[in-house]
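Working notes, beginning with the structure itself.
The values are calculated or read from the model by the stated rules, or taken from the named source; none is laboratory data. Just so we're clear, the structure is a prediction, and the values are computed from it rather than from any experiment. With ideal geometry, Cβ positions are generated from the backbone for all residues, glycine too; neighbour counts draw on all protein chains shown. When the accessible area is computed, the model is the full protein with side chains, heavy atoms only, and any ligands, DNA or RNA have been set aside. Shrake-Rupley method; radii C 1.70, N 1.55, O 1.52, S 1.80 Å.
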Amino acid sequence: MRLENGDRSTCHSIVNSSSDDDDDGGLLPESYSPVLDGEGLLVPPLNFAMVDYGVFRSGFPDTANFAFLQTLGLRSIIYLCPERYSEANVEFLNANGIRLFQFAIEGSKVEEPPLVNIPEETIKEALRVVLDEKNRPLLIHCKRGKHRTGSLVGCLRKLQKWCLTSIFDEYQRYAAEKTRVSDLRFMELFDISGFKQPPTFCSHSPN
């Protein structure tokens, strides 16, 4: 079964985790706080959050985040930058049996880069990695966990039949004042017709 662009979408409430009166309404947690264990403080990467069961997002992890990442039992990491992965991170992946999928999407210091800045075929390849059960649990990250990561997650949400309002709200929670209209436009125009219905790990609507 294919999901066509004209299929009915589901609107999801996007909960602001900074609110004092959060009510997740049955949704997955949007962000994580540092977690205490018997050894000390476990520190998540910048902009870390759970996207769906077995799928996480963040900015670039550094050595201070490795102990936290070990608690996730990761099988794979999707890295969305063209720069070579750091030696310390490669050693961490090798030591923990984590596979690296790198998709070289160029970043931009321009506030509004052109629409073609995000290659659609590259995003589709990355989505296929996310949807492949044998690659999960997995972490998606770029440098700051905002634009490239947000665009990939937004395209996943479109495949999950979220409405554009909810997709844009989630993107803006991480991009904040750095929100790019070109990214929003890319997600709006992204063609999901070539994908089959996502597997059961994907939550289409709140319980």
| query | Taking the Cβ of Gly97 as the center, what net charge do the other residues with Cβ under 15 Å away carry, scoring Lys and Arg +1 and Asp and Glu -1? | reply | +3
| Order by protection proxy (mean Cβ within 10 Å, highest first), peptides 85-91, 140-146, 180-186 | 140-146, 180-186, 85-91
| Vicinal HN-Hα couplings computed from phi for the stretch 78-94 (Karplus, 6.51 cos²θ - 1.76 cosθ + 1.60; Hz; Gly/Pro x) | 9, 10, 9, 10, x, 5, 4, 5, 5, 4, 4, 5, 4, 4, 5, 4, 4
| 12 Å beta-carbon shell around Leu131, net charge (K/R +1, D/E -1) | +1
| note | Taking a probe of 1.4 Å and leaving out DNA, RNA and ligands, the stretch 61-180 shows per residue an accessible area in Å² of 46 Å²
| Where does the charge balance sit around Pro45 when Lys and Arg score +1, Asp and Glu -1, over other residues with C-beta under 12 Å from its C-beta? | +2
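What per residue convex hull volume, in Å³, do the alpha-carbon atoms of the stretch 49-161 yield?
Expressed per residue, the convex hull around the Cα atoms of the stretch 49-161 is 104 Å³.
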| note | So the pair-distance distribution of the stretch 129-203, from every Cα-Cα distance in 5 Å bins, comes to percents of 3, 15, 26, 25, 19, 10, 2, 0
